[in-house]
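The values are calculated or read from the model by the stated rules, or taken from the named source; none is laboratory data. Fair warning: this is a prediction, and the values are worked out from it, not measured in the lab. A quick note on method: Cβ atoms are made from the backbone with ideal geometry, for glycine too, and the neighbour counts reach across all protein chains shown.
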Amino acid sequence: MKNEQPVLSLRNLNKQYGKGCKYCVDTQPALEKNFCPHCKTVFACRNVSFDLYRGEILGIVGESGSGKSTFMKSLYFDEPITSGESYLADYEDGKVNIFTESSQMQRFIRNTILGMVYQNPILGLKMNFSSLSNIAEKQIAAGNRHVGSMEGRSLSLLQHVKIPVHRSKEAPQNFSGGMQQRVQIAKALSNNPPILLLDEVTTGLDLSVQADVLDLIKSIQRELNISMIVVSHDLAVIRMLADRTIVMLNGEIIEHGLTDQVLEDPQHAYTQQLVYSLL
């Protein structure tokens, strides 16, 4: 895998809320976890770097406030970064830092190369539009103007994620949480993106529904050979899905490696605490 070109390379991503001051910017040991008590700046992501390879599922695990969801929002351009670089093999041969591109080009990347499934479906779906319309919206954003092809693609995807055809014109607000996540997944896949981002997609779902959603994600990855980044605080989800795992704490990566290696032989004290708390 190391000899391949990564489908995504992230280097030194930093995201802070606040301007910072001489205490926290110059001497970060003055921080309390990732918070500056002097100027109240929060360093949500600090020098986050990794590579993602074609057909790989990368898991990111950490407690609430560890920076994992902020990282995902930054990668999907939902929030501007403070500094950092990101390169996509499917965009300009991986030679252009996508964070420095224009807002127009970033929208193009969102609509063609990246797919996003949010923890809260309200962020990813228009709840009072039909499921068909939600999926078509992503295709329109990518430049598709052929109504027939969009409808056919949308129906095919809804069937793929096991939404009954007779409910395709219903609004997601009428669906259960698990069905809403399935519609989100279908929408994210509508333009065949090489990378899918999944942020806490099973949180709040019943266990049986969680299992169905995880089985769907795994089958999609196998069938489409799509690369995925899966964020979760649940190690059981990471164990089931991820080939490699990153552990985040206070905005930083503190451990990474093959999932079995990280979960069977954790090196960092925080990772040990996470793993052993489940035993």
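Kindly indicate whether residue 187 is in a loop (DSSP other than H, G, I, E, B) and at pLDDT 90 or above. Considered against the rule, which asks whether it is in a loop (DSSP other than H, G, I, E, B) and at pLDDT 90 or above, residue 187 comes out as no. Close contacts from segment 119-147, counting a first residue that is in contact (Cβ under 8 Å) with a residue 60 or more places away in the chain and a second that is surrounded by 14 or more Cβ atoms within 10 Å (Cβ to Cβ) and among the hydroxyl-bearing types (Ser, Thr, Tyr), with Cβ to Cβ under 7 Å and a gap of 6+ residues or different chains, come to 119/203; 124/118.
Tell me whether segment 111-124 contains one or more residues that are of a type in the set (A, V, I, L, M, F, W, C) and either more than 28 Å from residue 218 (Cα to Cα) or surrounded by fewer than 16 Cβ atoms within 10 Å (Cβ to Cβ) (or both). Yes, there is a match, as at least one residue in segment 111-124 is of a type in the set (A, V, I, L, M, F, W, C) and either more than 28 Å from residue 218 (Cα to Cα) or surrounded by fewer than 16 Cβ atoms within 10 Å (Cβ to Cβ) (or both). Where strands (runs of 3 or more DSSP E) fall entirely within segment 194-279, those with at least 3 residues that are surrounded by fewer than 22 Cβ atoms within 10 Å (Cβ to Cβ), at pLDDT 95 or above and not aromatic (Phe, Trp, Tyr) are at 252-258.
Restricting attention to segment 170-177, does a residue exist that is touching a residue at least 12 places away in the same chain (Cβ under 8 Å), under 19 Å from the mean Cα position of the chain (by Cα), closer than 29 Å to residue 67 by Cα and assigned to a helix (DSSP H, G or I)? Yes, segment 170-177 contains a residue that is touching a residue at least 12 places away in the same chain (Cβ under 8 Å), under 19 Å from the mean Cα position of the chain (by Cα), closer than 29 Å to residue 67 by Cα and assigned to a helix (DSSP H, G or I). Scanning segment 140-163 for any residue that is in contact with a strand residue (DSSP E or B) (Cβ under 9 Å, 6 or more places away or on another chain) and either of a type in the set (Asp, Glu) or part of a loop (DSSP other than H, G, I, E, B) (or both) turns up nothing. From the list 81, 57, 98, the one residue that fits, being surrounded by 19 or more Cβ atoms within 10 Å (Cβ to Cβ), touching a residue at least 40 places away in the same chain (Cβ under 8 Å), closer than 20 Å to residue 192 by Cα and in contact with a helix residue (DSSP H, G or I) (Cβ under 7 Å, 6 or more places away or on another chain), is 57.
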